1. Does Ile191 satisfy the condition of being under 25 Å from Asn79 (Cβ atoms), part of a helix (DSSP H, G or I) and modelled with pLDDT of 85 or more?
2. Name the one entry in Asn38, Asn135 that is polar (S, T, N, Q), at pLDDT 90 or above and loosely packed, with under 15 Cβ neighbours inside 10 Å.
3. For Arg139, indicate whether it is of a type in the set (D, E, K, R), part of a loop (DSSP other than H, G, I, E, B) and either in contact with a Leu (Cβ under 8 Å, 6 or more places away or on another chain) or within 27 Å of Ser26 (Cα to Cα) (or both).
4. Given the criterion of a type outside the set (Phe, Trp, Tyr), closer than 30 Å to Asn186 by Cα and within 11 Å of the chain's Cα centre (by Cα), identify the matching residue among Ile112, Ile133.
5. Name the single residue that is farthest from Phe24 (Cα to Cα) among those in segment 53-76 being surrounded by fewer than 18 Cβ atoms within 10 Å (Cβ to Cβ) and among the hydrophobic types (A, V, I, L, M, F, W, C).
6. Does Met165 count as part of a helix (DSSP H, G or I) and either in the same structural domain as Ser78 (by TED's automatic domain parsing) or closer than 23 Å to Arg109 by Cα (or both)?
7. Note down all Cβ pairs under 8 Å where the first residue falls in segment 85-114 and is among the acidic types (Asp, Glu), the second is surrounded by fewer than 17 Cβ atoms within 10 Å (Cβ to Cβ), and they're at least six residues apart or on different chains.
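The values are calculated or read from the model by the stated rules, or taken from the named source; none is laboratory data. Because the structure is predicted, anything quoted here is derived from the model rather than measured. Using ideal geometry, Cβ is built from the backbone for each residue, glycine included, and neighbour counts are taken over all protein chains shown.
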Amino acid sequence: MPRTELVAKSRGDRLTPHQLSDIFLSHVYALPDGERINLCIQCGTCSASCPTSYTMDYSPREIFAALRAGMLDKVLHSNTAWMCTSCYSCTVRCPQKIKITDIMYELKRLGIKYGYTSPSTRAAAMARIFINITNRLGRNNETELMMRYYMGQPGVAMRSATRGMKMFFKGRLPIPFTGRPIKGVNEMRIIHETLERLEEKKLAEEDKR
């Protein structure tokens, strides 16, 4: 998708590509030590340390360069963040102490929030379902997660049927298909909503500076 077509809808507001790029970068900067992304020296240590870099459209250092350059289309439409396995090898070995894994988490979260994710991976769809279930129940329910995930791709569901039966008989896909909420789920939702408001307040204060 061309950069000029990157227009997101957030609370009914239409954002220009430039505004959206600024939003993403401000969220990254708001992370603990997030501004260290500007210290990237393009050494490639992150790529060399990553066990799944061979599956990525672009290496982490390329994503950082694109993000700083405002090339948000390259960032959002690559599968890089979604291929991250959260092993933290890149973060541990980065000579500039950039918290690469945390940035990848943030890019995934923002991609889901603003509706821009890589078309080459279904990981975003699973993430959305997982978030919906945990917000409703306070925990994950593997059976419901897999059922809802595969409903969107019946062909893959048929190919995975044998694996699903094995998981069922080993107790990994329990019945009932929809789990019960945990005790205090309403309190958990309040905590989540409070954290969201605090984050928005922090970002608003950053914009004023």
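1. Criteria not met by Ile191.
2. Asn38
3. Here the answer is no, as Arg139 does not meet what is asked.
4. When all the criteria are applied, what remains is Ile112.
5. Ala65
6. no
7. Asp102/Leu31; Asp102/Pro32; Glu106/Leu31
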